[in-house]
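Undergrad: I have a structure I would like to understand better, so I am pasting it below and will then ask my questions one at a time.
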Amino acid sequence: MKLEEEHKKFIDENFHKIPDLIELTRATFKDGTIDGRSKQGRAVREYLASKDIKYGTTKVEKVKPILLNDEQKEFIEQYSQDGMSSFQIAQLLFSDVEVKKLGREQRAVGSYLEAVKKRKKEEKREEKNSYSPPSSFGECIDLVNEYTNNEFSEKELKVVERKSVESVHKFLRSPRFVQIINTYNKQEDQKLFEAEFIRATWDKPDLSADEINLYVNVCVDYINLKNIQSHMEKLNVMFEEADEQQELTVRLSELLKTKSEEYNQCEKRQESLIQRLAGDRAKRISQRQDQNASILSLVESFQNEEERKLMVKMAEMQKEAISEEANRLESMNEWKARVLGISKNDAI
């Protein structure tokens, strides 16, 4: 379709007032039903292009995906290990633009993290660094000595100490302990988890299954606190290096505040668990002591009664023995004579 002169004149006079192609087409042809895809719209678009006139359109242009370079990929991997979300990483990585939730910057970071996660999953299948509890009683003693600063020797263990080490040897094989410790990929995290668990439980052989699980939760919070502290240290370094970048410092401040709140919550949760465990165990020990005291008093009473009976019996036996000896002596004529001072020679 070719435009009439009157159409061209209208466009020349009004394109700067009506920059949108659809609205300009409708106004040119006085038809509110047509749009930029119609033959009238195509004719108007061709005329504007021939005049090198820019126009607007309601068509949503496809946003080009962000291609990450190696340095950006390394940045994403590093801070994802510190527990940051894809949105938080995108805010730091693209500090020169306004990063929106689910915007293309966050989607780019999220897509790369998914790819990294998939790759690491495949690597884990090939090589799994699983936790191995101590295989022997001697190895368990070595771990207790290492983490509690004791110097136990297997040959010189007291009964209570042996019972304690035997118990922690079993605790280290409990299903939930093994399951949770195997979720940590870093060797240092596994070692810290094992160390804190042994330190907390080795001298408590009377722990129930539920209490063991609660101590596992306490140790999880030890790892969380360590990792959060590491994140905060890195954010502080970035904050110091971003003095002149106002927008970046604001974002870093928000992240630091979030991490600080997370740290405090984790610390309070851990403290509450420890107090609960200590209180429950103290209550149980107190009840056991009361029971033991009652049994002890019965034993003492029984022992006292037995002693009284034994002393009476011994006295009776002694009395009987003296009586028998006296009868025997009385039956001895010669002995009686000597006691009275009489002998055969005296009688002659």
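Undergrad: Show the residues, 5+ positions off or on another chain, whose built amide H is closer than 5 Å to the amide H of ASP20.
TA: Placed amide hydrogens put GLY56 under 5 Å from ASP20.
Undergrad: Here is a follow-up. Residue by residue, what Karplus-based ³J(HN,Hα) values in Hz, rounded to whole numbers, does the range 173-190 have, using 6.51, -1.76 and 1.60 with θ = phi - 60° and x for Gly and Pro?
TA: 10, 5, x, 5, 4, 5, 5, 5, 5, 6, 7, 8, 7, 7, 4, 5, 5, 4
Undergrad: Student exercise: in the range 195-275, how many lysine pairs 8 or more apart or on different chains have Cα atoms under 18 Å apart?
TA: Lysine pairs, 8 or more places apart or on different chains, close enough: 8.
Undergrad: Read phi for every residue in the range 69-81 and hand back ³J(HN,Hα) as whole Hz from Karplus 6.51 cos²θ - 1.76 cosθ + 1.60, θ = phi - 60°, with x for Gly and Pro.
TA: 8, 4, 5, 5, 5, 5, 4, 4, 4, 4, 7, 5, 5
Undergrad: Amide H of ILE53: which non-local residues (sequence gap of 5 or more, or other chain) have their own amide H closer than 5 Å, using H built in the peptide plane?
TA: Here nothing satisfies the definition.
Undergrad: For the range 64-186, what is the accessible area per residue in Å² when the probe is 1.4 Å? Mind dumping the intermediate values first?
TA: Details: 8140 Å² over 123 residues.
Averaged over the residues of the range 64-186, the accessible area is 66 Å².
Undergrad: Under the Karplus relation 6.51 cos²θ - 1.76 cosθ + 1.60, θ = phi - 60°, what is the ordered set of whole-Hz ³J(HN,Hα) values for the range 43-49, x standing for Gly and Pro?
TA: In residue order, the calculated couplings are 5, 5, 4, 5, 5, 5, 5 Hz.
The values are calculated or read from the model by the stated rules, or taken from the named source; none is laboratory data. The shown structure was predicted, so the numbers you read here are calculated from the model rather than taken from an experiment. For the accessible areas, the whole protein counts, side chains as well, though only heavy atoms, and no ligand, DNA or RNA atoms are used. Shrake-Rupley method; radii C 1.70, N 1.55, O 1.52, S 1.80 Å.
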